[in-house]
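Here, each number is a calculation from the coordinates, and none is a lab measurement. Since the model is a prediction, treat every value here as computed from it, not as a measurement. As a convention, Cβ positions derive from the backbone with ideal geometry for all residues, glycine included, and neighbour counts pool all protein chains shown.
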Amino acid sequence: MFQRMLRPNSWLAPVLLLLATTSCMVTPGDGDNIGYIRDEPVQFSGFATAPGSLIRIEANHPERGWEPIRYTTSSSGSLVFDGITFFPWNTKTLIPLEYWSFPGEQDDAPGQVHGQAEVRAVDVKRNAPLYSFEGGYYEWFDFSQSLYGMWQEHGAGLSVTIFGFDVG
């Protein structure tokens, strides 16, 4: 007989602790469409748990794996949310063409092809990828909801896939 039973939500405390001590990336979100990939810089933004945190933006190359494409640091200005002090960070950068894949689907517009790229943000000091969220952050973010509640409903893991188009 199974002698040890887990209490409902017994895993909740470690997850909350991890979220409370970890920085996150809120844009781009998983599934976001950035438009024309050759001239649309992607907005990367999120929150760190310390001021001046060095954040590395990475893209997943199909053959070489994760590579840095940009760096930024969190600001000294803070925001308290759900009892935790966060320091915002943000930067814009183009995703180089070599990090995009084109599965061959044609867009509705003649001469355009759909592309996708996998990107993430990494806390350099901890060498750890940041938690990320699904797209549409500005539509679903809610100060009245707990951090854990938003992660449970909109969390996307440690990287996101973004979409765009190129001329074929």
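Worth pointing out:
- In this structure, Arg126 and Phe102 have a Cβ-Cβ separation that, at R0 = 30 Å, corresponds to a calculated FRET efficiency of about 0.35.
- One chain, two ends: Tyr36 and Leu94. Fully extended at 0.36 nm per residue, the span grows by 19.8 nm beyond their Cα-Cα distance.
- Extended-chain gain in nm, criterion 0.36 nm per residue less alpha-carbon gap, Glu134 and Leu79: 17.7 nm
- Tyr131 long-range amide H proximity, modeled H, under 5 Å: Met25
- Sorted by Cβ density within 10 Å, fewest first, the residues Glu134, Glu63, Glu58: Glu63, Glu134, Glu58
- With the convex hull of the Cα atoms taken as the outline of segment 40-81, the averaged projected area works out to 4.1 nm².
- Residues in segment 139-151 carry Karplus couplings, in order, of 8, 9, 4, 9, 4, 7, 9, 6, 4, 4, x, 5, 5 Hz; the curve used is 6.51 cos²θ - 1.76 cosθ + 1.60 with θ = phi - 60°, and Gly or Pro positions show x.
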